[in-house]
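Undergrad: The structure is given below, and queries will be raised subsequently.
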Amino acid sequence: MKKNLIIVLFIFLVPLIAYFMLSSFGGSNVASADSQTSKPQIVKFTSVMCMDCQTMNKIIKEIYPKYKDCIELTEINVQDNNPKNDEWIKKYDVTLVPTIILINSNGNQVKRIEGAIEKEQMEKYLQDLK
């Protein structure tokens, strides 16, 4: 009986612990969604539990350092119960993660990417973003 209880607890607790650990690492040192800038901007809507989001996070982590001086990166974790994040989710009508919105220096949306894409394609989009 104790063995079964331990197994059941293990099955339920390990995913919960993993979720909370991943959630605590989900935030990054990217710009705030409130910042006003004249630079082009990447607004990335993501979730800690989404595999495609993790793929896109790796891709952006690899290629973004080349563009960090000329493009601002904003990350919105859709799982955070934050009213400001909810405003951005409504503003861009995000129903799927990952969703990446590319905004030019005039503040106009120039590209919407839903789902994961190849690293080379993402880099091309960033090169064209002005």
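Undergrad: Do we find a residue being touching a Leu at 6+ places or on another chain (Cβ under 6 Å), assigned to a strand (DSSP E or B) and not basic (Lys, Arg) anywhere in the range 69-76?
TA: no
Undergrad: Then there is this: For the range 41-58, how many residues are polar (S, T, N, Q) and in a helix (DSSP H, G or I)?
TA: Final tally of qualifying residues: 3.
Undergrad: Sticking with this structure for a sec: For the list (1) closer than 21 Å to ILE59 by Cβ; (2) in a loop (DSSP other than H, G, I, E, B); (3) of a type outside the set (S, T, N, Q), I need the number of the one condition that LYS111 fails.
TA: Of (1) closer than 21 Å to ILE59 by Cβ; (2) in a loop (DSSP other than H, G, I, E, B); (3) of a type outside the set (S, T, N, Q), only one is false for LYS111: (2).
Undergrad: Restricting attention to the range 61-120, report how many residues are of a type in the set (Phe, Trp, Tyr) and more than 16 Å from the chain's Cα centre (by Cα).
TA: Count: 1.
Undergrad: Show the residue pairs that are 6+ apart or on different chains and have beta-carbon atoms under 6 Å apart, the first residue being within the range 77-89 and part of a strand (DSSP E or B), the second being surrounded by 17 or more Cβ atoms within 10 Å (Cβ to Cβ) and modelled with pLDDT under 90.
TA: Once the first residue is part of a strand (DSSP E or B) and sits in the range 77-89, its partners that are surrounded by 17 or more Cβ atoms within 10 Å (Cβ to Cβ) and modelled with pLDDT under 90 give ASN77/GLY26.
Undergrad: So is ILE42 at pLDDT 95 or above and not aromatic (Phe, Trp, Tyr) or not?
TA: Here the answer is yes, as ILE42 does meet what is asked.
The values are calculated or read from the model by the stated rules, or taken from the named source; none is laboratory data. These numbers were taken from a predicted model, which means no experiment stands behind them. Neighbour counts are summed over all protein chains in view; Cβ atoms, including those assigned to glycine, are modelled from backbone coordinates with ideal geometry.
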